[in-house]
1. Name the most mobile residue of Val201, Val142, Val191, meaning the one with the largest mean-square fluctuation, in a Gaussian network model of the chain with Cα contacts below 10 Å.
2. Which entry in (1) 59, 44, 38; (2) 92, 38, 35; (3) 54, 48, 41 is this structure's computed Cα extents along the principal axes in Å?
3. Please go through segment 66-141 and write out the chymotrypsin sites (Phe, Trp or Tyr not before Pro) that DSSP classes as loop and that have at most 14 other C-beta atoms within 10 Å.
4. Which of the helices in the chain, when you take each full DSSP H run, stretch at least 27 Å along the axis at their Cα atoms and have an average Kyte-Doolittle score of -0.5 or higher?
5. Going by a ≥ b ≥ c, the root eigenvalues of the Cα gyration tensor, does segment 206-301 fall in the rounded group (a/c under 1.5), the prolate group (a/b larger than b/c) or the oblate group?
6. So which chymotrypsin sites (Phe, Trp or Tyr not before Pro) in segment 176-283 end up in coil per DSSP with only 14 or fewer other C-beta atoms within 10 Å?
7. What 222 nm value per residue comes from the helices of the chain, counting each DSSP H run with n ≥ 4 as -39,500 (n - 2.57) and dividing by all residues, nearest 500 deg cm²/dmol?
8. Once a ≥ b ≥ c are taken as the square roots of the eigenvalues of the Cα gyration tensor of segment 10-61, is the result rounded (a/c under 1.5), prolate (a/b larger than b/c) or oblate (a/b not larger than b/c)?
Amino acid sequence: MNAPGPVGPLYGGVEAGGTKFVCAIGRGADDISNIVEIPTNDPVTTIREAIQFFRESRDTGHNLSAIGIGAFGPIELNMDAWNYGYITTTPKRGWQNIDIHGEFSRGLGLPIIIDTDVNAAAIGELRWGAARDLDHFLYVTVGTGIGVGAVIGGVLLSGAHHPEMGHMLVPVSPDELSGFEGVCSFHGTCVEGLASGAAIVKRWGCMLSEFPADHPAWRLEAEYLAMFIANLTFTLQPQRILLGGGVMNARLLSMVREYLHYRVAGYRATLTEIEAVNQYVILPELRGRAGVLGAIELANQAYAKDPLRGI
């Protein structure tokens with residue numbers, strides 16, 4: 001007798017990043033039927049290819065109940081706003097004022113649930129990853145840009161707008177290259193302008209991972225991220241911070257921990273020892289799949305609460 005197959009609604013997930021769109025079909029971390037990566041080109045091409053992936057999957061028998069999207073932003077998340085679901089004032093060329101929610105809704109005729117990419121990744125880690133036992137934590141991504149998803153009291157932090165902590169201002173290091181003004185088109189030397197992947201490439205001409213271990217790029221990046229994480233710590237007092245994104249690796253994580261220990265300076269009693277800092281700032285457990293899995297979970301939560309949401 002054959003064992004019963006998976007049961008329950010099937011969902012689509014989209015991690016809409018500045019470099020690539022990751023699209024998947026499944027029910028959770030251990031139940032992914034299909035997954036694909038699509039380069040982030042112009043909006044028309046990229047969204048069309050993502051929609052086509054879900055159409056082809058539907059044609060092969062994957063009947064989806066809803067699709068969750070975690071997208072780079074800023075995004076209008078007020079459902080009463082005329083531009084709900086739009087990517088708005090993003091610095092990414094060609095993507096300003098793009099109705100990403102509407103394009104997927106019209107293209108697939110399914111409920112579409114949208115949030116920021118970092119919020120989706122945080123929900124993925126809360127559901128299946130390194131934050132399963134936590135009520136208060138932050139998911140920080142350091143990639144093309146820098147963003148933070150905050151879960152406080154078990155729910156995503158939000159206000160009049162979704163948080164934009166990557167645009168927090170930090171002191172410019174005295175070791176900064178002369179004349180470097182940051183890459184943020186809005187704020188110049190905010191933390192995204194100084195420490196994102198785009199900032200590293202503009203400053204040094206290549207990615208951080210391409211440098212030898214003794215190159216000053218490593219120390220400068222670690223210092224900026226440590227200042228940023230210290231500010232987040234003093235502001236939100238999370239139980240743990242998950243530090244992910246394409247820029248992060250084990251060497252940089254170790255350096256960030258050392259500088260953070262110095263920056264906190266014993267002010268938070270639970271972080272006075274470096275061993276405690278090593279447990280406080282960690283890599284995401286789901287690694288590169290946190291965002292797309294979180295998008296699937298966003299769809300699951302919204303559809304279970306209201307199957308008509310997003311239409």
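1. Ranking Val201, Val142, Val191 by mean-square fluctuation puts Val201 first.
2. Only one option fits the structure, namely (1).
3. Values: sites: Phe72, Trp82, Tyr84, Tyr86, Trp95, Phe104, Trp128, Phe137, Tyr139; in loops: Phe72, Trp82, Tyr84, Tyr86, Trp95.
Listed in order of number, the matching sites are Trp82.
4. Working: long enough: 216-236 (30 Å, 0.68).
Span-like helices here: 216-236.
5. Numbers: a/c = 2.32, a/b = 1.16, b/c = 2.00.
It comes out oblate by the Cα gyration axes.
6. On the way: sites: Phe180, Phe186, Trp204, Trp218, Tyr224, Phe228, Phe234, Tyr259, Tyr262, Tyr267, Tyr280; in loops: Phe180, Phe186, Tyr267.
Here the chymotrypsin sites (Phe, Trp or Tyr not before Pro) that fit, given the DSSP loop and packing criteria, are Phe186, Tyr267.
7. Details: 9 runs with 110 residues, N = 311.
Computed mean residue ellipticity for the chain: -11000 deg cm²/dmol.
8. Numbers: a/c = 2.95, a/b = 1.49, b/c = 1.98.
Oblate, because a/c is 1.5 or more while a/b does not exceed b/c.
Bear in mind that the values in this text are calculations on the coordinates, not laboratory data. None of these values were measured; they are calculated from a predicted model. Quick reminder, even Gly has a Cβ in these numbers, built from the backbone with ideal geometry, and neighbours come from all protein chains shown.
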